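First comes the structure, then the notes that go with it.
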Amino acid sequence: EKMLALTKQIFHRDVDFEKIHTEQIVEVVTEATGAVIEGDEKIIELALTYTIKGEEYYLYQHSVNVCIISLLVGSGSDYEIKKLVELGIAAFLHDIGMVCYEDMVQLPRKLKLDEYDEIKKHVEAGDRILKRINHGLSETILTAQYEIHERLDGSGYPQGKKIIQDYARIIALADAFESMTHPRPFRPRYSIMDAYKRILDSKNKYDQNFIKVLFDRVGFFPNGSFVQLNTKDTGKVIKQNPRSPLRPIVRILYGPDGSALPEEEIRIVNLGKCPTLHIKECFLEGIKKSEG
């Protein structure tokens, strides 16, 4: 809530960015960093699966989610806290240039080619905005913002670079993953499996070490998602098994017929210790009732 409130305060084209103090940003990102380091399952669950209903301007939640996912990858890459906070700030502010293109961001359709070329200019706009923020931001953060749309195969923009800063590599991956797994005005969200497949199909664009960390930390069935087992019972994933990413810990909430279980029948199942059970389907929103 603090992070969302801050995005709503500063992600507008009419904001006087010279009056924004970095202390606000550092404080909220530092708090989020601590939560991720401590293994706060709820904040990670919200970043991966939750969508604010009726929020017309998706950029707010996108910025928060990319920050959390980037911190998750950074912590899984053994970044020390100082680097994590810097990474988190860069991720939180990575799309701030989009405030200059608010109307295009909210279009309920895919952008036309000329519109896409125009919106690419948000990178330069973001660079100008970040340089105006009071007390300044490090060159490392400025560079990350400028390079997150570059790709390792040279297919990115604005310069088509192949040598990209590490923060930018993490945020680029987090940005792509978050965009795929959350709805946009012109399309529904992709499943986790579809998102992973798309990333692997484009693996030459992203850092493969960070891809592995993302997959390991998020898992194939992220916390907060609902899964249906081979028994047709349905439950909510509550914890990962790091050594068995396909076999998380699940709270069983619905029976084979899709009806909610009474409180005394709700149970927790560690699939890592139940070889006869496996997941048949995963869905990020709501539950799917069995057809028989």
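The values are calculated or read from the model by the stated rules, or taken from the named source; none is laboratory data. On a predicted model such as this, the values are computed, not experimentally measured, just so you know. Note that each Cβ is placed from the backbone with ideal geometry, even for glycine, and that neighbours are counted across all protein chains shown. Remember, those area values only see protein heavy atoms, side chains included, never the ligands or the DNA or RNA. Shrake-Rupley method; radii C 1.70, N 1.55, O 1.52, S 1.80 Å.
What to note about this one:
- Test: Pro158 is over 23 Å from Asn65 (Cα atoms) and either assigned to a helix (DSSP H, G or I) or open to solvent by 40 Å² or more (accessible area, probe 1.4 Å) (or both): yes
- The residue that is least open to solvent (accessible area, probe 1.4 Å), counting only those in region 208-238 that are within 17 Å of Glu281 (Cα to Cα) and charged (D, E, K, R), is Asp233.
- Breaking point among (1) hydrophobic (A, V, I, L, M, F, W, C); (2) more than 19 Å from Pro185 (Cβ to Cβ); (3) crowded, with 19+ Cβ neighbours inside 10 Å, for Val99: (2)
- Residues in region 1-25 that are within 19 Å of the chain's Cα centre (by Cα), buried (at least 16 other Cβ atoms within 10 Å of the Cβ), of a type outside the set (S, T, N, Q) and assigned to a helix (DSSP H, G or I): Met3, Leu6, Ile25.
- Looking across Met180, Met193, one residue alone is touching a residue at least 12 places away in the same chain (Cβ under 8 Å), open to solvent by 80 Å² or more (accessible area, probe 1.4 Å) and either touching a strand residue (DSSP E or B) at 6+ places or on another chain (Cβ under 9 Å) or not basic (Lys, Arg) (or both). It is Met193.
- The helices (runs of 4 or more DSSP H) located wholly in region 68-134 that include 2 or more residues which are more than 22 Å from the chain's Cα centre (by Cα) and of a type in the set (D, E, K, R) occupy 113-119, 122-132.
Okay, residues lined up against (1) outside any loop (DSSP other than H, G, I, E, B); (2) within 30 Å of Asp78 (Cα to Cα); (3) hydroxyl-bearing (Ser, Thr, Tyr):
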residue: Tyr190; (1), (2), (3): no, yes, yes
residue: Ala195; (1), (2), (3): yes, yes, no
residue: Ile199; (1), (2), (3): yes, yes, no
residue: Leu214; (1), (2), (3): yes, yes, no
residue: Pro222; (1), (2), (3): no, yes, no
residue: Gln228; (1), (2), (3): yes, no, no
residue: Arg243; (1), (2), (3): no, yes, no
residue: Val250; (1), (2), (3): yes, yes, no
residue: Leu277; (1), (2), (3): no, no, no
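- Complete set of residues in region 2-20 that are out of contact with any Cys (no Cβ under 8 Å at 6 or more places or on another chain) and more than 17 Å from Gly88 (Cβ to Cβ): Lys8, Gln9, His12, Asp14, Val15, Asp16, Phe17, Glu18, Lys19
- Residue within region 142-150 that is modelled with pLDDT of 95 or more, among the acidic types (Asp, Glu) and either open to solvent by 60 Å² or more (accessible area, probe 1.4 Å) or more than 21 Å from Val29 (Cβ to Cβ) (or both) present: yes
- Among the residues of region 139-155, those that are part of a loop (DSSP other than H, G, I, E, B) and free of Cβ contacts under 8 Å to residues at least 24 places away in the same chain comprise Glu150, Gly154.
- Residue satisfying all of: in region 45-60; open to solvent by less than 20 Å² (accessible area, probe 1.4 Å) and not aromatic (Phe, Trp, Tyr); modelled with the highest pLDDT among these: Ala47
- All positions within region 266-276 that are within 29 Å of the chain's Cα centre (by Cα) and among the aliphatic types (A, V, I, L, M): Ile268, Val269, Leu271
- Selection count, region 248-265, where residues are open to solvent by 40 Å² or more (accessible area, probe 1.4 Å) and either among the small types (Gly, Ala, Ser) or over 30 Å from the mean Cα position of the chain (by Cα) (or both): 8
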